[in-house]
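Written out below as structure tokens is the structure these notes cover.
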Amino acid sequence: MLTRDACTALDAQDPLADLRAQFDLPTGRIYLDGNSLGALPRSTAPRLQQVVTQDWGQGLIESWNTANWMTWPQGVGDKIARLIGAAPGEVVAADSTSVNLYKVLSAATRIQRLAQPAHHVLLSQRDNFPTDLYIAQSVCAAAGWRLELAEAAAIPARLAAGDVAVLMLTHVNYRTGALHDMAALTAQAHAAGALAVWDLAHSAGSVPVRLHAADADFAVGCGYKFLNGGPGAPAFVWVHPRHADAAQPLSGWIGHAQPFNFTTHYEAAAGIHHYLCGSPPILGLAALDCGVDSVLAAEPLGGMAALHAKAGQLGDLFMRLVDERCAGLGLDAASPRDAAQRGSQVSLAHAQAWPVMQALIAHGVIGDFRAGVDGDPDLLRFGFTPLYLRFVDVWDAVETLADILGSRSWDVPTFHARKAVT
Ligand SMILES: Cc1ncc(COP(=O)(O)O)c(C=O)c1O
């Protein structure tokens, strides 16, 4: 039987433990929602203060040149590239994941219209994140394609049917944390004449990603989750160099080859640069830069492999303690038990997941709730961000969960009341 002291001892031996000092975490709360909104790095507020008061306040418009603002999407993109197995010059930080997905899916339709004119199916997973499906619906409507949704296990067979133009998957499932084999699925897509588009929203800064090694075609991802870029942080987009000149449809002036020539005709900048559209969001990029640096700080300690290994240990500990201390209290594991098969997240199904999560939050354990659709169960989601979580936090969180479930203290009207945003 594990003890709290044993968890404290694990923290004392943890080579990544010092990375927690990078974050300004609230006292008295255990933050298990870094998979939704990453924590605040201590470097972010002073950096924003400097960008606002110095670069903007004093430098004013000259800072576009003196502070090199125009190059920040590429500069932050180059740092993100180190986390996702891409090369410098292949990633830009811009817009939202949804908008970047629209760009890459549209570019993929243009490529496939010529390369595979008989392929009209965009294939995705039934429980992919809704924005991915909504954007895919819009792209399919414009291209005259059909969006088909399959369960994860059925994807290889559906690809083999031979009419899929694009396979669009989220690498780590937002509900269950289940991790796809990117290299295997990309190879299966290519063998079937399809392109592979990956959403790395729950992967960047969470699991090792090797876009080039997997020979992926396109990728997008989020800045505000495991990259700690802050609420609404710019997202990122990667395009394999073999497709980098395939036109994306949002032909804004910042993606122009010569934006300051102010010509009337659009001429796309080379490569990933034309995936930029409007003016770079400088404040958001400054915060994202700090967030990405907080993840890159793990590079000398083993980088993403070490972070994912610790996230796996935290998740394993959580599942083991839940099995030991919450048996018979209505919880079912909704995430893979094998840490190698999951991202930095564990989800538990519970028939009363909403009020249970509200009670947890009231007791200082911050996770989130995801409603089940299409017969899927309602979930309690817990993110295990290895940069700032300790093994003792996992112990304390499970103690709180066991208390709440055992005493049924979740079953009061305040915890049943629904809020608009969680
Ligand atoms: C898999 C996935 N893709 C995209 C998004 C949303 O992206 P954005 O709000 O940047 O458009 C989320 C948000 O949780 C997500 O989980």
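The number of residues in region 341-355 that are under 14 Å from residue 203 (Cβ atoms) and in contact with a helix residue (DSSP H, G or I) (Cβ under 7 Å, 6 or more places away or on another chain) comes to 2.
Of all the criteria given as (1) open to solvent by less than 30 Å² (accessible area, probe 1.4 Å); (2) on the phi > 0 side of the Ramachandran plot, the one not satisfied by residue 28 is (1).
Candidates 213, 118, 184: the one that is more than 28 Å from residue 83 (Cβ to Cβ), out of contact with any strand residue (DSSP E or B) (no Cβ under 7 Å at 6 or more places or on another chain), open to solvent by 10 Å² or more (accessible area, probe 1.4 Å) and not in a strand (DSSP E or B) is 118. List, please: which pairs have Cβ atoms under 7 Å, are six or more places apart or on different chains, and start with a residue in region 88-112 that is aromatic (Phe, Trp, Tyr) and end with one that is open to solvent by less than 10 Å² (accessible area, probe 1.4 Å)? Taking only residues 6 or more apart or on different chains, the pairs are 102/139. The conditions of being assigned by TED's automatic domain parsing to the domain that holds residue 206 and either of a type outside the set (Val, Ile, Thr) or surrounded by fewer than 14 Cβ atoms within 10 Å (Cβ to Cβ) (or both) are not met by residue 312.
For region 129-161: of the residues being in a loop (DSSP other than H, G, I, E, B) and more than 25 Å from the chain's Cα centre (by Cα), which is surrounded by the most Cβ atoms within 10 Å (Cβ to Cβ)? Don't jump to the end; show me each part of the working.
Kept after step one, since they are in a loop (DSSP other than H, G, I, E, B), are these residues of region 129-161: 129, 144-145, 151, 161.
Checking which are more than 25 Å from the chain's Cα centre (by Cα) leaves us with 144-145, 161.
On the way: 144: 9, 145: 22, 161: 11.
Out of the qualifying residues, it is 145.
Would you point out which residue out of 332, 323, 338 is charged (D, E, K, R), in contact with a strand residue (DSSP E or B) (Cβ under 7 Å, 6 or more places away or on another chain) and farther than 20 Å from residue 201 by Cβ?
Working: 323 fails: in contact with a strand residue (DSSP E or B) (Cβ under 7 Å, 6 or more places away or on another chain); 338 fails: in contact with a strand residue (DSSP E or B) (Cβ under 7 Å, 6 or more places away or on another chain).
None of the others qualify; the one that does is 332.
Among the residues of region 269-296, not one is farther than 30 Å from residue 45 by Cβ and in contact with a Ser or Thr (Cβ under 7 Å, 6 or more places away or on another chain). Among the residues making up region 98-110, those that are farther than 22 Å from residue 215 by Cβ and either surrounded by 24 or more Cβ atoms within 10 Å (Cβ to Cβ) or not small (Gly, Ala, Ser) (or both) are 99, 102.
Being out of contact with any Lys or Arg (no Cβ under 7 Å at 6 or more places or on another chain) and modelled with pLDDT under 95 narrows it down to one residue among 365, 373; which is it? Walk me through it before giving the result.
Details: 365 fails: modelled with pLDDT under 95.
Only one candidate qualifies: 373.
Return yes or no: is residue 26 over 30 Å from residue 360 (Cβ atoms), out of contact with any Phe, Trp or Tyr (no Cβ under 9 Å at 6 or more places or on another chain) and modelled with pLDDT of 95 or more? Criteria not met by residue 26. Taken together, 175, 113, 126 contain a single residue that is of a type in the set (D, E, K, R), in the same structural domain as residue 245 (by TED's automatic domain parsing) and open to solvent by less than 30 Å² (accessible area, probe 1.4 Å), which is 175. In the set (1) within 16 Å of the ligand (Cβ to nearest atom); (2) assigned to a helix (DSSP H, G or I), residue 107 fails one condition alone, (1).
To keep it simple, each residue is scored yes or no on (1) surrounded by fewer than 22 Cβ atoms within 10 Å (Cβ to Cβ); (2) not in a loop (DSSP other than H, G, I, E, B).
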| position | (1), (2) |
| --- | --- |
| 346 | no, yes |
| 357 | no, yes |
| 360 | no, yes |
| 372 | yes, no |
| 375 | yes, no |
| 381 | no, yes |
| 385 | no, no |
| 392 | yes, yes |
| 397 | no, yes |
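Scanning region 216-232 for residues that are closer than 27 Å to residue 282 by Cβ and either away from the ligand (no atom under 12 Å from the Cβ) or open to solvent by 10 Å² or more (accessible area, probe 1.4 Å) (or both) returns 218, 224, 225, 228, 230, 231, 232. Would you check which residues across region 254-281 are open to solvent by 40 Å² or more (accessible area, probe 1.4 Å) and assigned to a loop (DSSP other than H, G, I, E, B) and list them? Correct list: 258, 262, 263, 264, 265, 266, 267, 270, 279, 281.
Taking the condition within 16 Å of the ligand (Cβ to nearest atom), touching a residue at least 40 places away in the same chain (Cβ under 8 Å) and surrounded by fewer than 17 Cβ atoms within 10 Å (Cβ to Cβ), does residue 284 pass? Taking the combined requirement at face value, the residue does not satisfy it. With respect to being away from the ligand (no atom under 15 Å from the Cβ) and either surrounded by fewer than 24 Cβ atoms within 10 Å (Cβ to Cβ) or under 30 Å from residue 48 (Cα atoms) (or both), residue 204 falls outside the description.
How about region 55-96: which of its residues are open to solvent by less than 20 Å² (accessible area, probe 1.4 Å) and within 16 Å of the ligand (Cβ to nearest atom)? Correct list: 73, 76, 77, 80, 84, 91, 92, 93, 94.
The values are calculated or read from the model by the stated rules, or taken from the named source; none is laboratory data. Quantities reported herein were computed from a predicted structural model and do not represent experimental measurements. Virtual Cβ from ideal backbone geometry, glycine too; neighbours counted across all protein chains shown. Please note that ligands, DNA and RNA were not included when accessible areas were found on the heavy atoms of the full protein model with its side chains. Shrake-Rupley method; radii C 1.70, N 1.55, O 1.52, S 1.80 Å.
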